[in-house]
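The values are calculated or read from the model by the stated rules, or taken from the named source; none is laboratory data. Just so it is clear, the model here is predicted, and its values are computed rather than measured. Quick reminder, even Gly has a Cβ in these numbers, built from the backbone with ideal geometry, and neighbours come from all protein chains shown. Remember, those area values only see protein heavy atoms, side chains included, never the ligands or the DNA or RNA. Shrake-Rupley method; radii C 1.70, N 1.55, O 1.52, S 1.80 Å.
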Amino acid sequence: MKNNILQNKLDSLVKLYLTTGVQPSDLADNIFLENYKQISFLKHNGLLVGEIVYEENYNGSLIDTKLRYFYKDKQVITIEEEFLDTKTIIWDRKETTSKLLQEIISILTSSYSAQEIDAFINSLPEDLSVELTNILQLTA
């Protein structure tokens, strides 16, 4: 059972690692939808920021909702929503990766030896290996 859970977490991590997220050209195509009012892209502090403004029905009134997609190296790193003057991060690549890695560490430490954990960590790409090692050290 633990192996299936671990495999599911690893599959999710691999998908996240390989997926770039919705691309600006796909977002731009939404301008043809009736409730979309504005779509813009700009570069800011080394990031590409895509902003979409669309109308959403809220308590019988049409209210503007803004979605901002932040890209680095052609990957979506954060998605932010602004609705009724409240900004909310609705997805963050680093946070999602960190959560998955913490869950993987939890499974590994409860089911595998230190030697098996080290072998597993050393089999990962360097950036994930470093992050997993850091999380493991924090939980030790």
Among the residues of segment 17-26, count how many are modelled with pLDDT of 95 or more and among the hydrophobic types (A, V, I, L, M, F, W, C). 1
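So which of D64, D26 is acidic (D, E) and in contact (Cβ under 8 Å) with a residue 12 or more places away in the chain? Give the steps one after another, and end with the answer.
On the way: D26 fails: in contact (Cβ under 8 Å) with a residue 12 or more places away in the chain.
D64 is the lone residue from the list that is acidic (D, E) and in contact (Cβ under 8 Å) with a residue 12 or more places away in the chain.
Which members of segment 71-92 meet the condition of being closer than 20 Å to K15 by Cβ, open to solvent by 40 Å² or more (accessible area, probe 1.4 Å) and either assigned to a strand (DSSP E or B) or in contact (Cβ under 8 Å) with a residue 24 or more places away in the chain (or both)? Walk me through how you get there before you give the answer.
Within segment 71-92, the first condition is being closer than 20 Å to K15 by Cβ, and the residues that meet it are 71-79, 90-92.
Adding the requirement that they be open to solvent by 40 Å² or more (accessible area, probe 1.4 Å) leaves 72-75, 77, 90-91.
Those that are closer than 20 Å to K15 by Cβ, open to solvent by 40 Å² or more (accessible area, probe 1.4 Å) and either assigned to a strand (DSSP E or B) or in contact (Cβ under 8 Å) with a residue 24 or more places away in the chain (or both): K72, K74, Q75, I77, I90, W91.
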Which of the residues spanning segment 37-55 are surrounded by 12 or more Cβ atoms within 10 Å (Cβ to Cβ) and either at pLDDT below 95 or over 20 Å from D85 (Cβ atoms) (or both)? I39, F41, L47, L48, G50
Looking only at residues that are surrounded by 15 or more Cβ atoms within 10 Å (Cβ to Cβ) and touching a residue at least 24 places away in the same chain (Cβ under 8 Å) in segment 107-123, which one is farthest from N134 (Cα to Cα)? I107
